[in-house]
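S.K.: Here it is, the structure, as C-alpha cells.
Each reported figure results from applying straightforward, stated rules to the coordinates on display, with no laboratory input. Treat the numbers as computed from the prediction; the structure is a model and nothing was measured. A quick note on method: Cβ atoms are made from the backbone with ideal geometry, for glycine too, and the neighbour counts reach across all protein chains shown.
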Amino acid sequence: MIALGSDHGGYALKTEIIRHLEARGLEYKDFGTYSEASCDYPVFGKAAARAVASGECDRGILVCGTGIGISISANKIKGIRCALCGDCFSAAATREHNDANMLALGARVVGPGLALKIVDTFLDTPFSNDQRHIRRINMLEEE
Ligand code: RB5
C-alpha cells in the first residue's frame, strides 16, 4: 500500500501519479488534499508519513510545488526517510543507500513524464542491504 499526499501545488501531479499507480495495479491510499484550493502542506505530508511510520502503508509519495516543504514535514515523523528527487539517479540511489521510505516531488520543478519515471525508479529499486548503509541509516535516528 502506497501512501499519497500533496498540497494544492502538487494536486494535479498527484492525480497523474494515481492514474499511473492504477495502470500498474498498485494499491494506494490518498491522504489529501483533494482539490486545488489553497492548503497547508504539513497537514498532508505528516498524515501520509504517519501511515508509513505506523506500517499501515509500505511506502509514500508526496508532492508539493517544490517538494521541499512536504518532504521536510514528512521527515519530522520518526522513522521516515523522505527523499526529494528531481532525477532517476537520485531516486535509485536513495533506495539503495538510504532505504528511503517516502519520495517527494516538486510539481513546479519536474514535468509529469519525468515525475512518473522517478516514481517507477523509487518503487522498483530495492535497498542494497549493505552493512555500511544499514549502519548509517541507524545513525539517522540518533539525537
Ligand atoms: C505553495 O504555494 C508552495 O509553497 C508549496 O507547494 C511548496 O512548494 C512548499 O514547499
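S.K.: Looking at the square roots a ≥ b ≥ c of the eigenvalues of the Cα gyration tensor of segment 3-53, which shape do they give, rounded for a/c under 1.5, prolate if a/b is larger than b/c, or oblate?
M.R.: Because a/c hits 1.5 or more and a/b fails to exceed b/c, segment 3-53 counts as oblate.
S.K.: Sort the chain into rounded, prolate or oblate with this rule: let a ≥ b ≥ c be the square roots of the eigenvalues of the Cα gyration tensor; rounded if a/c is under 1.5, and if a/c is not under 1.5, prolate when a/b is larger than b/c, oblate otherwise.
M.R.: Prolate is the answer for the chain, as a/c is 1.5 or above and a/b outweighs b/c.
S.K.: Still on this model: Which far-off residues, 5 or more places away or on another chain, put their amide H under 5 Å from the one on ALA3, with H placed in the peptide plane?
M.R.: Those lying under 5 Å, H to H, from ALA3 are LYS29, ASP58, ARG59, GLY60, ILE61.
S.K.: Then there's this: Before anything else, pin down the relative contact order of segment 12-143: Cα pairs under 8 Å, at least 6 apart, normalised by residue count, whole percent.
M.R.: Computed over segment 12-143, the figure is 22 percent.
S.K.: Here's another thing I want to ask about it. Could you work out how far apart the two model spin labels at LYS76 and GLU56 are, taking each label as a point 7 Å from the Cα in the direction of the beta carbon, and quote it in nm?
M.R.: Between LYS76 and GLU56, the simple spin-label model gives 1.8 nm.
S.K.: Here is a follow-up. Quote the FRET efficiency, to the nearest 0.05, computed for GLU141 versus ILE68 with a Förster distance R0 of 35 Å and r equal to the Cβ-Cβ distance.
M.R.: Calculated transfer efficiency: 0.95.
S.K.: What number comes out for the charge environment of PHE122, summing +1 per Lys or Arg and -1 per Asp or Glu over other residues with Cβ under 10 Å away?
M.R.: Residues close to PHE122 contribute a combined charge of +1.
S.K.: Determine, from the Cβ-Cβ distance of TYR34 and ARG108 and an R0 of 30 Å, the FRET efficiency 1/(1 + (r/R0)^6), rounded to the nearest 0.05.
M.R.: After rounding to 0.05, the efficiency reads 0.95.
S.K.: Ignoring everything except DSSP H segments at least 4 long, calculate the 222 nm mean residue ellipticity for the chain; use -39,500 (n - 2.57) per segment, divide by total residues, nearest 500.
M.R.: Using -39500 (n - 2.57) per qualifying helix, the result is -15000 deg cm²/dmol.
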